[in-house]
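The values are calculated or read from the model by the stated rules, or taken from the named source; none is laboratory data. Bear in mind the structure is a predicted one, so any value in this text is a computation, not a measurement. Methodologically, a virtual Cβ is constructed for each residue, glycine included, from the backbone with ideal geometry; neighbour enumeration extends over all protein chains shown.
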Amino acid sequence: MPVLVPSAIALRAHDIHQGLHEVDRNSPLIATELEATQLVGMAGAVAAWIKGHDVIHDAQALKVVAAAQLDVDAFAFERVIGLLEERDFVGNVRRTGHRIDSFYETVPEDFESMYGQLGAAWHDQGPTEIEGALLGVVDRLSHGPQRLEDLDIAPAARQDVVAIGTESQAIQLLTIRNSQIAYSPFFSYENPKSIETALAQIDVDRLAKAFSGVRQFQGTPLSVSPDGQLLNDLVAAGVMAGPSLQRPDQSRELFAVAPYGFGPDVLTIKRPLLEKALAVLAAVRMGQHFGGITSLNSPVALLNALLQPGRTVAWHSSTKRQYGVLQQLGIVRFVSAGSRSGIQLVDFDDNKLAVGMAIDLLNEGEVTSTKGNSTGVERALLAPGHYRTQIQGIRPAKQRTLIPVDELSSLVEAVMGWGTA
Amino acid sequence: MTQRDMDQKLQMRRAFWLMGASTRLEVKLGSLIPREDRRADRQEWTDLDVLAIHYAPVSGVTQLVADCKTSRTRVAERIFWLRGVMDLTGARQGFLVRDFPLPAAARQLAFRLGVSALDREDREALLRDLREDDPVVLGLLNGPAVSRWGSLLSATPAELDRLHRYRTTGYWLAPRHRNLTALPAAVTAARDMLDSSQPWSLPLVVDLAWLYLFALVIALDDIGRIRLADPRIGLSQVVVGDERERREKDAIAAQLRSLFEAMPKRQQVPAVDVVPPYYEDLSDLVIRLWRRRSLAIDALRTLELATVAAANSVAVPSFVVTDFVEHSLGVKLASDVVRFIIRTCRLDRSLQGRFDDLTFEAGRNPFDSATADDSTMTSSEPKQGQIDLFSVEGRQEAGGR
């Protein structure tokens, strides 16, 4: 079993849960060996979603959103709420039979406390040795790559741990000089500075330029970037964050992000905030690049307006009742006047912080002060479809990857301090 | 006190309720005195017949007081007295309430001192203007219901006398910020005697929650003055004090820790900190309240109704119809305060369920059942008759019915 603090256990369980998107959770290995981790991971996803909402009037609607956006199976929903109820994260749960109708939200304000209590719940679930080892390895690799043979896993569990870890994308493998190296996409996500430092040490100009380009334009849509293929490969390799959104034509657009400038807590224990911020960033970039003839000129201006108390932005005439990604993520709500509708921020602290972080990311590479046309972004924000977190972007990116192994190897070697440059 | 005095107090309570405030009857003011053998350690200055409280973020805590008497004598003295009580408590308005027509000179004096003088005719006009036929007022803030509440709370075992002394006098004697920690301490000390199966248990706990929420809204005022942008810093100063006080307490805590270490080892050495062990929960509660502080008065009014409702075994009705969803958040905030007290003082958790059952109708969305079968957040258009409760107009539509 790993010697992890409870908050780290729940954080990694949440990571693994997100990584299992598009993976058959009923496969024998995952279903039997990952039950506690999946349950706590789902509880973490739901807790982060409901945090700050106070009252969930329609739990059945949340169940639909949880299935669509949080990968919480509809059959697991009641069990997840039951676990949250045991931990006092929800109260006054009203049920009709087994069906949950409504409840009060009482998730701790502090993410450390939230994940800490969920970590204790993980222990209470009687986790298997494999999932204990898996969480330990994922956490260890989030601090830096390691030779596969050096990972502290009991021999009997090694094969299963690595299989589940790679299946969930939480463990990436690379062969360097005949040695298998394991690394975690969360390393680059949680330690962007280390990647930057490593890039400075290796002789792969195009990688360095690609990273620099993303810093100049956070949320670069891969399909329109001249470095799109390379960025796709970096996302696939798990060394760059690539949240994604479904486009109106049903294809998936990945947005490259290098989340520099945030404190270590935002990159780890407060990651739900960053994930909300990346969702906002992806949405405005979608509006900026795929808004048609009325594309958004200034995402920053729109988001600044959204932060003003009670301000309604992104008016649109034809999508009054259409539910969009940010609404499903609990970030905005709809407002209507006549035939037009717009969005308002659901104004609690986490949402305000997330929009502020999105603005910080946008501002990192841009100086934007003009008032933009909101129609394009409105379409993007209101577009139906699914948002996917950065770890969930790895699998689709892998399907298109062309990156030469030696370039990636150089990067990993530099990170590990084995570089030859 | 005569029954007619009580009728006046209840009339003023209803008037204050209808004006949007929350009220408490018979509040004792006084101070602690040096403890001597066989003598009480506190003395009363006076008592207030009716204290009304309102809170709004723009104006902070507003207090109003009413003096209700049926006697015809000493009107001028009572007006001077009322002015003094207003100054002492920081009340913004004072009401002198009498049954008989007030002399013109008394009205002049009241006007000069900023006191509102109400004889029977004025009072009836006030209540008429405020629509005293409000169902909440008729159903719960009436004489029999309030008497039943009073009888229940006075029927508690003698072991709870100390807690009652805190409720009725100690709370009002303490510097206001001290009640954030004094109330949990008083309840925890009485925990073993708080038998949740007794009919007085829930009314008592809800009444304590009302007192705690009142202490919290006063803290909100202070927090806003100390550090508007970071309520956690404000709360820390409210609970611990300024930097000088914190350093003093840190030094005392360090000395205590040294003392404990020097003592022979025991099984349990108490943790020594400048904040109480439930501070994280308190911080959570304050942040929630701060975020929704415009609804704090709704929460206070919910608790006021709930304690009477619990004593009379009836549900709390909804009392706001303009924005139902917002109001339900106020009911939920009241539940948060009850939950905090139950968790912090480790009371029987069934009390929480009973409180939530009691206030369920007050906080329930009446359209839940109509939309539950077919409402989903992913459907692109609402079905006929379905209300989009995630949109502002949906909320208004629901609240307006």
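Structure notes:
- Whichever residue in segment B:325-351 is polar (S, T, N, Q) and more than 10 Å from chain A (Cβ to nearest Cβ) and, among such residues, is surrounded by the fewest Cβ atoms within 10 Å (Cβ to Cβ): B:SER350
- Any hit, segment A:164-175, residues being of a type in the set (Ser, Thr, Tyr) and at pLDDT below 80: yes
- Residues of segment A:45-68 include none that is over 15 Å from the mean Cα position of the chain (by Cα) and away from chain B (no Cβ under 14 Å).
- A:ALA156 surrounded by fewer than 16 Cβ atoms within 10 Å (Cβ to Cβ) and within 12 Å of chain B (Cβ to nearest Cβ): no
A quick yes/no check of all residues on (1) closer than 15 Å to B:ALA306 by Cα; (2) modelled with pLDDT of 95 or more:
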residue: B:SER201; (1), (2): yes, yes
residue: B:LEU211; (1), (2): yes, yes
residue: B:ALA215; (1), (2): no, yes
residue: B:GLY234; (1), (2): no, no
residue: B:GLN237; (1), (2): no, no
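- A residue that is in a strand (DSSP E or B), surrounded by 13 or more Cβ atoms within 10 Å (Cβ to Cβ), at negative phi and more than 21 Å from the chain's Cα centre (by Cα) can be found somewhere in segment B:37-45.
- The strands (runs of 3 or more DSSP E) found entirely in segment A:259-369 that carry 1 or more residues being modelled with pLDDT of 80 or more are A:332-337, A:340-345.
- Segment B:291-312 - residue that is among the polar types (S, T, N, Q) and more than 14 Å from chain A (Cβ to nearest Cβ) and, of those, surrounded by the most Cβ atoms within 10 Å (Cβ to Cβ): B:THR307
- Some residue of segment A:104-124 being free of Cβ contacts under 8 Å to residues at least 60 places away in the same chain and surrounded by 23 or more Cβ atoms within 10 Å (Cβ to Cβ): yes
- The set of residues in segment B:198-241 that are within 14 Å of B:LEU303 (Cα to Cα) and in contact with a strand residue (DSSP E or B) (Cβ under 7 Å, 6 or more places away or on another chain) comprises B:PHE214, B:VAL217.
- For segment B:132-158, a tally of residues being modelled with pLDDT under 90 and within 15 Å of B:VAL314 (Cα to Cα) returns 8.
- Any hit, segment B:89-107, residues being free of Cβ contacts under 8 Å to residues at least 40 places away in the same chain, surrounded by 15 or more Cβ atoms within 10 Å (Cβ to Cβ) and in a helix (DSSP H, G or I): yes
- Scan segment B:108-124 for residues that are surrounded by fewer than 15 Cβ atoms within 10 Å (Cβ to Cβ) and assigned to a strand (DSSP E or B) and the total you get is 0.
Residue-wise test of (1) within 30 Å of A:ILE56 (Cβ to Cβ); (2) part of a helix (DSSP H, G or I); (3) among the aliphatic types (A, V, I, L, M).
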residue	(1), (2), (3)
A:GLU85	yes, yes, no
A:ASN92	yes, no, no
A:PHE103	yes, no, no
A:GLU112	yes, yes, no
A:GLU131	yes, yes, no
A:GLY136	no, yes, no
A:ARG140	no, yes, no
A:HIS143	no, no, no
A:ALA157	no, yes, yes
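- Residue under evaluation B:ASP67, criteria (1) exposed (fewer than 13 other Cβ atoms within 10 Å of the Cβ); (2) part of a strand (DSSP E or B), criterion not met: (1)
- Sole exception among (1) part of a helix (DSSP H, G or I); (2) basic (Lys, Arg); (3) farther than 30 Å from B:ASP134 by Cα; (4) away from chain A (no Cβ under 12 Å) for B:ARG288, by number: (4)
- The listed residues are B:ALA125, B:ALA215, and the only one of them that is over 21 Å from the mean Cα position of the chain (by Cα) and small (Gly, Ala, Ser) turns out to be B:ALA125.
- Note on segment B:240-285: among residues that are part of a helix (DSSP H, G or I) and at pLDDT 90 or above, the one that is nearest to the other protein chains (Cβ to nearest Cβ) is B:ASP284.
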